[in-house]
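The next block holds one structure in the form of structure tokens; read it before the comments.
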Amino acid sequence: GGRPARPAMVQQEPAGAPGLVEGEAAAATAAAAAAEVRLSRRRWAVVLLFSSYSLCNAFQWIQYGSVSNVFMRFYGVSAFAIDWLSMCYMLTYIPLLFPVAWLLDKRGLRLIALAGSALNALGAWVKLGSLKPQLFPVTVLGQVICSMAQVFILGMPSRIASVWFGSHEVSTACSIAVFGNQLGIALGFLVPPVLVPNLEDVEKLAYHISIMFFMTAGVATALFILVVIVFKEKPLHPPSRAQALIQSRTTEEYSYVQSILRLLRNANFLLLMITYGLNVGCFYALSTLLNRMVIRHYPGEEVNAGRIGLTIILSGMVGALISGIWLDRTKTYKQTTLVIYIMALVGMIAYTFTLSLGHLWVVFVTAGTLGFFMTGYLPLGFEFAAELTYPESEGTSSGLLNVSAQIFGIAFTISQGQIMDHFGTKAGNLFLCSFLFLGTIMTAFIKADLRRQQANSDNE
């Protein structure tokens, strides 16, 4: 933007970082002041590559759900079994988050990137072994491996943004990193209905499914090779004062368990964790059940169901990017989060009451509005958490937000699926509206305690 360039060396002594003992703080800040702050040219390659393998993993999450009726017939399983192919992503995340966040702190970003992209490719290849109707368990295994890859991916956007990007572009970078995952879900809605038509002939159907699985495996493997070549641990120089402070701390001062306990004692972060879970949990349930909802009101419209999913995500990606750029410009974390939350609730109510009107174009419009705010909320949550919890690791705070989202996601997907089966789609969607309303109220109570901003401005 139109800001003056930062001087490379900062002369004055910066103030101490929160969470350190006085003497150590002084030593750490002196070291941070001596560190040269510079931006690496590689940073865009790193965030785009991360975005790409995140995209591939998200595609694999929703690729069954967007043609759930076709896969139900091919494997001869229930709708609930196909829903579990989506929910296993949420389920694996919960127990694996803490070991992975610990690994991130001990071994760093590169190892996490390698593990995530490798598991993603492995899962894609396993699915190629499930091209006969009796081989449903093999497809489940492939999906579980992909869901393990997701644990190495979901919590990384704010960490990659902090480690690689300057303080004036960090929220934008976080949005780009979240962007890939969203684009993957979008492609997961769009591509499967086109590649896998609803055919009677099982042989022909198997052939179409194999094309989709082969393409995915090829892309996933290429991305893994690129990660091996391109992805570095961190840039030569810290990109911001806040990052220089973190890097200058000695490892003895940092205990992973202590860090989690500090986060769970942080009232503002706890509120954010619950509200984030409610919002994103609703989004997961909506994505998983979308195909079933649309086909119930518009039979035979599989391809349009996919396109409605695509609309939700694409408008959401615009929302996410705008909210990232807006945060970098204004730093109004609390106000932006609250406004977006209220609008997501309004969008959900509109979608609920227009789904059954019989006009597909109306559903496209309301679903698009809903997506703009619901997905636009994702990077906001991560960045607000990074502010509220600095100098704790962003991997840990994002991870806890994601765990909350997965738990609510599973609960909402199962509950809404059951409500839809017994009382219809409107009742199921009203169920989600009530939780978004609760989340809006709770968001109003979060205090904007922006610690990372404080560290950057103290040290300018």
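Observations
- Some residue of region 196-213 being out of contact with any Pro (no Cβ under 6 Å at 6 or more places or on another chain), touching a residue at least 12 places away in the same chain (Cβ under 8 Å) and under 15 Å from A113 (Cβ atoms): no
- Where a residue in region 412-431 is assigned by the TED database to the domain that holds L91 and its partner, wherever it lies, is outside any helix (DSSP H, G or I) and surrounded by 14 or more Cβ atoms within 10 Å (Cβ to Cβ), with Cβ under 8 Å and at least six apart: none
- S86 meets each of the listed conditions (1) modelled with pLDDT of 90 or more; (2) in contact with a Phe, Trp or Tyr (Cβ under 7 Å, 6 or more places away or on another chain) apart from (1).
- Meets criteria (open to solvent by 10 Å² or more (accessible area, probe 1.4 Å), closer than 15 Å to N304 by Cβ and part of a helix (DSSP H, G or I)) for F373: no
- Of all residues making up region 430-460, the number that are closer than 16 Å to T389 by Cα, open to solvent by less than 20 Å² (accessible area, probe 1.4 Å) and not in a helix (DSSP H, G or I): 1
- Region 316-333, residues that are over 25 Å from I185 (Cβ atoms) and touching a Ser or Thr at 6+ places or on another chain (Cβ under 8 Å): T330
- Restricting region 129-159 to residues that are more than 18 Å from P99 (Cα to Cα) and among the β-branched types (V, I, T), the residue that is surrounded by the most Cβ atoms within 10 Å (Cβ to Cβ): T139
- Condition met for A427 (open to solvent by 10 Å² or more (accessible area, probe 1.4 Å), out of contact with any strand residue (DSSP E or B) (no Cβ under 9 Å at 6 or more places or on another chain) and part of a loop (DSSP other than H, G, I, E, B)): no
- Options I229, I211: the member that is out of contact with any Lys or Arg (no Cβ under 9 Å at 6 or more places or on another chain), over 30 Å from Q134 (Cα atoms) and part of a helix (DSSP H, G or I): I229
- Checked against the criteria, I407 does not count as assigned to a helix (DSSP H, G or I), over 23 Å from the mean Cα position of the chain (by Cα) and closer than 22 Å to M90 by Cα.
- A count restricted to region 33-61 and to residues that are within 22 Å of the chain's Cα centre (by Cα), in contact (Cβ under 8 Å) with a residue 60 or more places away in the chain and more than 16 Å from I153 (Cα to Cα) stands at 2.
- Among all residues of region 327-335, there is none that is in contact with a Leu (Cβ under 9 Å, 6 or more places away or on another chain), in the same structural domain as N279 (by the TED database) and polar (S, T, N, Q).
- Filter result for T221 (in a helix (DSSP H, G or I), open to solvent by 20 Å² or more (accessible area, probe 1.4 Å) and of a type in the set (S, T, N, Q)): yes
- Residue within region 185-207 that is under 23 Å from E394 (Cα atoms), modelled with pLDDT of 85 or more and either open to solvent by less than 20 Å² (accessible area, probe 1.4 Å) or under 17 Å from the mean Cα position of the chain (by Cα) (or both) present: no
- Scanning region 166-174 turns up no residue that is in a helix (DSSP H, G or I), open to solvent by 20 Å² or more (accessible area, probe 1.4 Å) and out of contact with any Asp or Glu (no Cβ under 6 Å at 6 or more places or on another chain).
- Residue within region 111-128 that is among the charged types (D, E, K, R), assigned by the TED database to the domain that holds F213, under 17 Å from F59 (Cβ atoms) and crowded, with 19+ Cβ neighbours inside 10 Å present: yes
- Any hit, region 254-275, residues being open to solvent by less than 10 Å² (accessible area, probe 1.4 Å), farther than 21 Å from I407 by Cα and in the same structural domain as A386 (by the TED database): yes
- Scoring F353 on the criteria (1) surrounded by fewer than 17 Cβ atoms within 10 Å (Cβ to Cβ); (2) in contact with an Asp or Glu (Cβ under 6 Å, 6 or more places away or on another chain) leaves a single failure, condition (2).
- Filter result for A386 (under 23 Å from S171 (Cα atoms), small (G, A, S) and either more than 21 Å from the chain's Cα centre (by Cα) or open to solvent by 10 Å² or more (accessible area, probe 1.4 Å) (or both)): no
The values are calculated or read from the model by the stated rules, or taken from the named source; none is laboratory data. Note that the structure is predicted; figures quoted are calculated from it, not measured. Every residue, glycine among them, receives a Cβ derived from its backbone with ideal geometry; neighbour counts consider all protein chains shown. Areas reflect the complete protein model, heavy atoms only, side chains present, ligands, DNA and RNA absent. Shrake-Rupley method; radii C 1.70, N 1.55, O 1.52, S 1.80 Å.
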